[in-house]
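> Handing you this structure, nothing more for now.
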Amino acid sequence: MNLLGKIKMPKKEEPVTPPSQVPVFWIETSDSQSRQYQFETDGQLSVKVLDDSRPVIHKMAESFLNQFFPSGYPYSVNEGYLRYTQFRAMQHFTSAALSVLSTQSLLYAAGLRPTPAQATAVSWILKDGMQHAGKLICSSLGARMDSEPKRWRILADVLYDLGTGLEVLSPLCPQLFLEMAGLGNFAKGMAVVAARATRLPIYSSFAKEGNLSDLFAKGEAISTVFNVLGLGAGIQLVSTVCSSMQGKMIVGPLLSLAHICCVCEEMRATPVNTLNPQRTAMIVEDFLKTGKISSPADLRYREDLLFPGRLIEDAGSVKVGRDLHRAIKPSKLRQIKELFPEEKFLLNRGTRWTDMVLEQNATGEDALRGWLVAAYAANIEKSAHENNINALEEAYEKMNSVITPLVSELQAKGWHTDRFLDGTGSRFAF
């Protein structure tokens, strides 16, 4: 018996080759353009223009949007971004033109006779040289800038124009050249630091899809372009109507006024979405009056940018951040703490306002809870004429009945309730 013949050797199986994947793609056609969308093997979506019969002006407009606006605009940003960008461009244009006038005046006061091109080059050196001193002065003001970025952004431009004005006037008193140049550049150095410190919270308020870096990059591109255009306009001005001191005295204030107006409109268009004393009071006021929650876009044009600390009577006239020993008498501290033992705020009703002092780790939700209690208590005292303690206890119960849906709706509207920015307000810790 041939055993070897009966033993069958197993056949070696050929490797199975998986079928090649057909790329997933589709074509979208509009009136004048066809685009092919295709998913690559790594999962990325690629876009290829197959046919584009649009007019050249439309192609240029799209190229401009891609270069200076975030991807997905206008759906990737919050309301007000276009208006903010328009006035930001004009602000940089007027500021750059004004800087050329001031630098030429400064060098004339020093006894030099620069050409417009030389004034443009030297302006960068003088402007950057004072940033270090400005950083030292502004370093202790960062918390206030977080709380009121709009107000400090406007103040930064006022300081910048004040420093520029001193430089423009320096030829009128050349014997005080060093003093005027030093003060002017010191003010401009502080302005630069304050403007940069407030840039991030302002850009963050427009970010809608985690695209903060894209917003920042496109915003800086617009600033650069209009700075260059403004420098060109400044060179033209100092070569013509501003070649004399009289011309500078006329054109300088006009440019400064346009500059400040533009930055004010920028800030009014910015929907800052963090809770600070003013915005919290406005939210509470609207909620008590209408039962609705205002969004950051709803409040942006109503914010007081010059005097944000004003008391709002319909929101309980709450004042936040006073020192604990000034806001509450030591004899009343235990009684007030026992009213709300689990809360991170203390309330003391006075004749003109209600003091609220927050615990060290209090959030925006904690501040909102205290604000609602103060507002409800003020209304109860007016209508029922109850005493202070009873009004606070009843107000606390009303607050607990509405706070959960209120906070949920606040977050849905885009508000950040995880922090409360009260500037340098005092807080307590037991």
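The values are calculated or read from the model by the stated rules, or taken from the named source; none is laboratory data. This is a predicted model, so every value here is computed, not measured. With ideal geometry, Cβ positions are generated from the backbone for all residues, glycine too; neighbour counts draw on all protein chains shown. Ligands, DNA and RNA are excluded from the accessible area calculation, which covers all protein heavy atoms including side chains. Shrake-Rupley method; radii C 1.70, N 1.55, O 1.52, S 1.80 Å.
> Check which residues have an amide H placed less than 5 Å from I312's amide H, if you skip close sequence neighbours.
Under 5 Å from the amide H of I312: S317, V318.
> Now a separate question. Please give the Cα centre distance for segment 342-368 versus segment 142-176, rounded to the nearest Å.
35
> Separate question: Here are some pairs, K329/K398; K59/K188; K150/K337; K319/K413; which of them have Cα atoms lying more than 31 Å apart in this structure?
Checking Cα-Cα distances, K59/K188; K150/K337 exceed 31 Å.
> Give me the percent of the accessible area of segment 165-213 that comes from carbon and sulfur atoms, probe 1.4 Å, all protein chains in place.
Percent of accessible area from carbon and sulfur atoms in segment 165-213: 68.
> Residues of segment 367-430: accessible area per residue at 1.4 Å, in Å²?
Per-residue value: 48 Å².
> Out of every Cα-Cα pair in segment 214-373, what percent are more than 26 Å apart?
For segment 214-373, the share of Cα pairs beyond 26 Å comes to 51 percent.
> Counting only heavy atoms of the protein chains, get the accessible area per residue of segment 298-338 (1.4 Å probe) and round it to a whole Å² value.
64
> Chymotrypsin sites (Phe, Trp or Tyr not before Pro) within segment 251-356: which are DSSP loop residues with at most 11 other Cβ atoms inside 10 Å?
Y301
> How large is ³J(HN,Hα) for each residue in segment 82-96, as worked out from phi by the Karplus curve 6.51 cos²θ - 1.76 cosθ + 1.60 (θ = phi - 60°), to whole Hz, x for Gly and Pro?
5, 4, 4, 5, 4, 6, 5, 4, 5, 4, 5, 4, 5, 5, 5
> How large is the Kirkwood hydrodynamic radius of segment 234-273, in angstrom, based on all distinct alpha carbon pairs?
Over segment 234-273, the inverse of the mean reciprocal pair distance is 11.7 Å.
> For segment 210-261, report the % of Cα-Cα distances exceeding 17 Å.
More than 17 Å apart: 52 percent of the Cα pairs in segment 210-261.
> Among 186-199, 302-315, how do they line up from the highest to the lowest mean number of other beta-carbon atoms within 10 Å?
Result, highest mean Cβ count within 10 Å first: 186-199, 302-315.
> Let me ask you something else. Using a 1.4 Å probe on the protein chains only, how many percent of the accessible area of segment 357-399 belongs to carbon and sulfur?
That share works out to 43 percent.
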